[in-house]
Amino acid sequence: MSAPLLQVIGDPVLHSKSPLLHGAMLAALGLDIPYTPQVVPRGGLPGYLAWAKARPVLGFNATMPHKEDLIPLMDQLDEDAARIGAVNTVCLRDGRFIGYNTDGQGCLAALEQAGLWPRAQVMVLGAGGAAKAVALTLAAAGAEQVFVCNRTLDRAHALAQADPGSRIVPADFSPATLERLGAGAGLVVNATNLGMAGCGQFDDLSFLDALGRDAGVFDLVYHPAETELLAQARRRGLPACNGLPMLVHQAVLALERFLDRPLDRASLAQAAAAALERAGG
Ligand code: NAP
């Protein structure tokens, strides 16, 4: 049998930080398991899964454009992946593919680490894949209301319908709405592409003026490390955190699934974060 192998698949994937993060954590555990990026174009999942089963691989992470397409191809889904409708971590056990989603729990762990959780009212900006993972997780973790504000309102409605607890409330993305809902929010999470290198910027950040003194701002974007949203939040004295800790924590949780045993999450997160810092974020 071939030596164990872990991978991250996607297209594009060569920019992925997963090999760096997992490499650092595997080294910290003293495990000699390679973790490699593998380009798998859209439509290439059946061929990849057949190869992965034959080799066999221990497991793999998935990024764009595969997270949702993996759902019907799994033999089993964990509760989070089923609820979110997307898979970012796959384990191959006894010839069966098991799909997990660690994005939402990774975000929750990052919020806890930053002292931004728990909060009763949350305003999530965006209704894409990441927003869905975050909003559903925070609603399940005890937020009383999670307002999901999105440019395309239909997508916010669809996201709210996926919440079994009916705690997610869809809303539009107008400055007036962000200001009104922001006034009651203890936490604002940016899960849009706005602020990410190569993407657009927020036209209007005046909603930050409406936030309460104790409200926190969490930006899923981590490239650049300091977005305009975070800079403006800090200028107003608000606690603010970028998406790097979430990236680290979702990787720690994925490694626990791959190795199928509880790990010392805090020390692995430290090892992964240190590797990111050495690599310049
Ligand atoms: P996605 O599914 O493509 O969703 C993109 C979201 O951004 C949608 O809600 C979209 O609104 C909104 N958006 C895009 N351009 C906009 C604009 N000009 N004005 C207003 N809204 C706009 O992407 P995703 O996978 O959810 O990722 C979203 C962000 O999260 C990315 O920056 C990604 O890097 C980051 N992320 C970080 C982590 C982490 O670990 N830190 C994990 C996952 C994702 P419409 O629906 O109207 O198009």
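The numbers here are math on the coordinates, done by the rules we state, and not lab data. If you're wondering where the values come from, they're calculated on a predicted model, not measured in any experiment. As a convention, Cβ positions derive from the backbone with ideal geometry for all residues, glycine included, and neighbour counts pool all protein chains shown.
Looking at the calculated P(r) for the stretch 1-157, what percent of the C-alpha pair distances fall above 27 Å? Intermediate results must be reported in sequence, preceding the final value.
Working: 3624 of 12246 pairs.
Result for the distance tail: 30 percent.
Restricting to DSSP H runs of at least four residues, report the calculated mean residue ellipticity at 222 nm for the chain, -39500 (n - 2.57) per run over all residues, nearest 500 deg cm²/dmol. Walk me through the intermediate numbers first.
Numbers: 10 runs with 105 residues, N = 281.
It comes out at -11000 deg cm²/dmol, rounded to the nearest 500.
Stokes-Einstein at 25 °C, 0.890 mPa s, Kirkwood radius from Cα pairs: D for the stretch 116-238 in µm² s⁻¹? Display every interim value, and only then the final one.
Working: Rh = 14.1 Å.
Calculated translational D: 174 µm²/s.
Along the stretch 84-90, what does the Karplus equation 6.51 cos²θ - 1.76 cosθ + 1.60 (θ = phi - 60°) give for ³J(HN,Hα), rounded to whole Hz, x for Gly and Pro?
7, x, 7, 10, 10, 9, 10
Summing +1 for each Lys or Arg and -1 for each Asp or Glu, what net charge is found among the other residues whose Cβ lies under 12 Å from the Cβ of Y100? Kindly include the intermediate steps, with their values, before the conclusion.
Numbers: positive: K67, R83, R93, R257; negative: D78, E79, D80, D103, E256, D260.
Result for the neighbourhood of Y100: -2.
DSSP beta bridges in the chain, what fraction antiparallel, as a percent rounded to 5? Walk me through the numbers on the way to the answer.
Values: 8 of 38 bridges.
Close to 20 percent.
Based on the alpha-carbon gyration tensor of the stretch 198-242, what equivalent-ellipsoid semi-axes (square roots of 5 times the eigenvalues) come out, in whole Å, largest first?
Calculated on Cα positions only, the semi-axes equal 18, 12, 7 Å.
Counting Lys and Arg as +1 and Asp and Glu as -1, what is the net charge of the other residues whose Cβ lies under 14 Å from the Cβ of G85?
-3
So if I restrict to the alpha-carbon atoms in the stretch 23-114, what is the Rg, and what is Dmax, the biggest pairwise distance, in Å?
Rg and Dmax of the stretch 23-114, Cα atoms, are 14.0, 42 Å.
Sorted by packing (mean other beta-carbon atoms within 10 Å per residue), highest first, where do 5-13, 36-44 land? Mind showing how you got there, number by number?
Details: 5-13: 21.1, 36-44: 15.4.
Highest to lowest by the protection proxy: 5-13, 36-44.
Sorting check: for 125-131, 202-208, which peptide has the highest mean count of neighbouring beta carbons within 10 Å, and how do the rest follow? Walk me through the numbers before you get to the answer.
Values: 125-131: 22.9, 202-208: 16.4.
So the peptides 125-131, 202-208, ranked by packing, come out 125-131, 202-208.
Under a Cβ-Cβ cut-off of 15 Å, what is the net charge of the residues other than G200 that fall near it, where Lys and Arg count +1 and Asp and Glu count -1?
Details: positive: R151; negative: D203, D204, D219, E228.
Once all neighbours under 15 Å are counted, the net charge is -3.
For the chain, what is Rg from Cα atoms divided by 2.2 N^0.38 Å, rounded to two decimals?
Numbers: Rg = 18.7 Å, N = 281, 2.2 N^0.38 = 18.7 Å.
Normalised by 2.2 N^0.38 Å, the Cα Rg of the chain equals 1.00.
When the Cα centres of the stretch 211-269 and the stretch 154-192 are compared, how far apart do they sit, in Å?
20 Å
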